[in-house]
Amino acid sequence: MRSLFQKFSIPSGQTGIAVPLSLAAGPGALCGILASMGLTALCAPAALPALVAPIGASSVLVFAIPASPLAKPRAVIMGNILSAATGVLVSLLIANPMLAAGLAVGLAIMVMSTTRTMHPPGGAAALTAVMLHPSSAGLDMALLFPLIPVGLNSLVLVCIGMMFHRLSGHSYPHHAVTVPHQTEKAAGLHREDILAALHKTGETFDIETEDLERLLILAEAHSKQRRPA
């Protein structure tokens, strides 16, 4: 099965390194969306949709960029649920749709940041809750919306993602690979150096610190191998 996924890789003309082709994530996303919609349809009341649009964006992260911190199962599930709940709450309190839309997304970002569940589609989940206004079908439907369909959609998508990446040979949830001590020593680059550099930038990057450390150490070690003795 893994050999099938390897066919979706192309060599880079500049480096000779195999670069995964994003098309390989297509079959996984197809299965994820179909399963999310199908299973949720069995549980969702007629007044609520079986699938929400933010799950499409979540599938891009889960299947195409599984190493991203934004694609972690916790971020996908809780980020979408908390954001949808925020959107529902705002829609219940704010009558003006324009103000409610902006406030829902802004508050959702703050909630995800505070709970360490940052997931970009969560902003869309909050906006969807305002635009669909599930409370129009009753308060019980409004309170259910963050769990069904949003939460169940997210949970099923993550489960399909785990199975897909197991077949494709990737780790999901992603776990950073530890650099051998010998390689780290040869590179002469230490974790403290990387943390200091990140602190100086004052920016937030979409990569785990451990992955960045491994990437830089391997690059430095490779550079030293090219240098004449």
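Tally Lys/Arg at +1 and Asp/Glu at -1 over every other residue whose Cβ is under 15 Å from the Cβ of T115; what's the total?
Local charge sum for T115: +3.
In square angstrom, rounded to the nearest 10, how much accessible surface does K72 have for a 1.4 Å probe?
Solvent-accessible area, nearest 10 Å²: 90 Å².
Residues of the range 102-146 with amide nitrogen under 17 Å from the 7 Å Cα-to-Cβ point of A53?
102-106, 120-134
Full extension from H199 to A219: what is 0.36 nm times the residue separation minus their Cα-Cα distance, to one decimal in nm?
Once the chain is fully extended between H199 and A219, it gains 5.1 nm.
Subtracting the Cα-Cα distance from 0.36 nm times the residue separation, let me have the gained length for V60 to L30 in nm, one decimal.
The span from V60 to L30 would gain 9.7 nm if fully extended.
I'd like the accessible area for H170: 1.4 Å probe, protein heavy atoms, all chains in place, Å² to the nearest 10.
Rounded to the nearest 10, the figure is 100 Å².
Nearest 0.05, what FRET efficiency do L93 and M162 give at R0 = 41 Å with Cβ-Cβ as r?
0.65
I'd like to compare 61-67, 83-89: which one has the highest average count of other Cβ atoms within 10 Å, and what's the full order after that?
Values: 61-67: 21.6, 83-89: 27.4.
Ranked by mean Cβ neighbours within 10 Å, highest first: 83-89, 61-67.
Below 8 Å, C-alpha to C-alpha, sequence gap of six or more: please give me the relative contact order for the range 22-132 in percent.
Relative contact order, the range 22-132: 29 percent.
Rounded to the nearest percent, how much of the accessible area of the range 66-171 (1.4 Å probe, protein heavy atoms only) is carbon and sulfur? Present the calculation step by step, with values, prior to reporting the outcome.
Working: 3630 of 4810 Å².
Answer for the range 66-171 is 76 percent, counting heavy atoms of protein chains only.
Apply the Karplus parameterisation 6.51 cos²θ - 1.76 cosθ + 1.60, with θ equal to phi minus 60°, to every residue of the range 139-154 and state each ³J(HN,Hα) to the nearest whole Hz, in sequence, with x for glycine and proline.
With coefficients 6.51, -1.76 and 1.60, one gets 4, 5, 5, 5, 6, 7, 3, x, 8, 9, x, 4, x, 5, 3, 5 Hz.
Keeping all protein chains in place, calculate the accessible area per residue for the range 29-184 (probe 1.4 angstrom), answer in Å².
48
I need the peptides 148-157, 32-41 ranked by packing, meaning the mean over residues of other C-beta atoms within 10 angstrom, with the highest value on top. Walk me through the numbers on the way to the answer.
Numbers: 148-157: 24.8, 32-41: 18.5.
Ranking, from highest mean packing down: 148-157, 32-41.
The values are calculated or read from the model by the stated rules, or taken from the named source; none is laboratory data. Just so it is clear, the model here is predicted, and its values are computed rather than measured. Please note: Cβ atoms are built from the backbone with ideal geometry, for glycine as well, and neighbour counts cover all protein chains shown. These accessible areas exclude ligands, DNA and RNA; they are computed on the full protein's heavy atoms, side chains included. Shrake-Rupley method; radii C 1.70, N 1.55, O 1.52, S 1.80 Å.
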